[in-house]
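J.: Have a look at the structure that comes next, please.
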Amino acid sequence: MSIVNAREMLIDATKKKYAVGAFNITNLIQLEGVVEAHVDARAPLIIQTSVSPSKFLGQEVIVAVYRAIAGKEDIPICLHLDHCTDVEYCKQCADFGWTNIMVDASKQAYDENIRQTKEVVVYCHSVGDITVEGELGTVSGVEDQVKVVEDESQLCNPDEVMRFVEETGVDLLAPAIGTAHGVYKTKNPKVDFERLGKITRLLNGEKIRTPLVVHGGTGLPDDYVRKLIAMGGSKFNVSTDLKRTWINAVYEYIYANREEYDPGKLDKHAKKAIKAKVNEWIAMLGSAGKA
Ligand SMILES: [Zn+2]
């Protein structure tokens, strides 16, 4: 129950119109804070690592810590590799024990995206019950967002969705709909809700076939998040928000306690801040009580 892939939890979320938070972590304190908040709320959880922390901390260390922590909790917890553009590294992480892998070949031409995504899907499904997320269209960084929304060709084309899903066999799809990584510079980022709605109707009408992922959760207004869930988004990626929370908490504590040399107190303060931030997300996503 506790160590799981992303399939069942996201099918349930899509059906019941809530979303599971997928939180990027870079250290143990963040991981513990995220897990504790979800255990307290009885919410399903996806822990994410980008490729660089997986190299910095070490794949075997991340998986060992994930198994030790998730294995003793009775809520479903998935370990997800985020935005990996290297097919071989995707396979390696599957071998190490990640339970959900995102192969991001979205910058490749459509047919090459299909080919690479399919290769990872076939591998992950053969070595274990590991789910795979693919991306169609390009989720931009905030700096590119203005450019991207002006150029709709960067967004996911609903006409390309069915063939992509059928030929790759991918378990989850992240369609680019105008959300962006980083911190939005405007209060009203341009998000194409109707595009997500259309893709949902194609894939998840009568039967939930391929749950949909929203990238760039940080800084989206609450009402946008709720609308995106209503339109079919069932996994929300949150990275920058958590990193900022952790760095701000550490900075504040050190600034206020410059003469103190007790890392335990610093960690406790930072973990508390992470838990408070994650609780805000759990409330917004409606995932409390769903595990
Ligand atoms: Zn992303």
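J.: Of VAL87, GLY33, ILE114, which is farthest on the positive side of the dipole of segment 1-124, counting Cα position, with +1 on Lys and Arg Cβ, -1 on Asp and Glu Cβ, and the Cα centre as origin?
T.: ILE114
J.: How much mean residue ellipticity at 222 nm does the chain get from its helices, if each DSSP H run of length 4 or more adds -39500 (n - 2.57) and you divide by all residues, to the nearest 500 deg cm²/dmol?
T.: Counting only the DSSP helices, I get -16000 deg cm²/dmol.
J.: Another question, then. With the convex hull built on the Cα atoms of segment 165-291, state its orientation-averaged projected area in nm².
T.: 10.2
J.: Counting other Cβ atoms within 10 Å, keep those with at most 10, restrict to DSSP loop, and tell me which trypsin sites (Lys or Arg not before Pro) in segment 164-203 are left.
T.: Hits after loop and neighbour filter: LYS187.
J.: Cα atoms only, segment 1-124: Rg and Dmax in Å?
T.: For segment 1-124, the Cα radius of gyration and maximum Cα-Cα distance read 14.6, 44 Å.
J.: Based on Cα coordinates alone, diagonalise the gyration tensor for the chain, multiply each eigenvalue by 5, take square roots, and list the semi-axes in whole Å, largest first.
T.: So the equivalent ellipsoid measures 29, 22, 18 Å along its semi-axes.
J.: Counting only heavy atoms of the protein chains, get the accessible area per residue of segment 117-260 (1.4 Å probe) and round it to a whole Å² value.
T.: 46
J.: Another one. For segment 28-82, what does the equivalent ellipsoid look like in terms of its semi-axes, each the square root of 5 times an eigenvalue of the Cα gyration tensor, given largest first in whole Å?
T.: Over the Cα atoms of segment 28-82, the semi-axes work out to 20, 11, 10 Å.
J.: Okay, moving on. On alpha carbon coordinates alone, what is the Rg over Rh value for segment 66-203, Rh being the Kirkwood radius?
T.: 1.00
J.: Pairs to check: LYS227/LYS268; LYS190/LYS235; LYS91/LYS268; LYS190/LYS277; LYS107/LYS185. Give those whose C-alpha atoms are more than 26 Å from each other in this structure.
T.: Check vs 26 Å cut-off fails for LYS227/LYS268; LYS91/LYS268.
J.: Among the aspartates and glutamates, select those whose C-alpha is under 18 Å from the C-alpha of LYS275, and discard any that sit fewer than 8 residues away in the same chain.
T.: Of all the aspartates and glutamates, those that pass the test against LYS275 - Cα under 18 Å, at least 8 places apart if same chain - are GLU32, GLU36, ASP40, GLU73, ASP241, GLU252, ASP267.
J.: Over the chain, what percent of the accessible surface lies on carbon and sulfur atoms, probe 1.4 Å?
T.: 53
J.: I'd like the Karplus ³J(HN,Hα) series for segment 199-209: coefficients 6.51, -1.76, 1.60, θ = phi - 60°, whole numbers in Hz, and an x wherever there's a Gly or Pro.
T.: With the stated coefficients, segment 199-209 comes to 5, 4, 5, 5, 9, 10, x, 6, 10, 7, 9 Hz.
J.: Please work out the average accessible area per residue across segment 15-62, using the 1.4 Å probe convention, and give it in Å².
T.: Ligands and nucleic acids excluded, the figure is 37 Å² per residue.
J.: What is the chain's relative contact order, in percent, from Cα pairs under 8 angstrom and six or more apart in sequence?
T.: With pairs under 8 Å counted, the relative contact order is 24 percent.
The values are calculated or read from the model by the stated rules, or taken from the named source; none is laboratory data. Here the structure is a predicted model, which means the values were calculated and not measured. Ideal geometry is used to build each Cβ from the backbone, glycine not excepted, and the neighbour counts take in all protein chains shown. When the accessible area is computed, the model is the full protein with side chains, heavy atoms only, and any ligands, DNA or RNA have been set aside. Shrake-Rupley method; radii C 1.70, N 1.55, O 1.52, S 1.80 Å.
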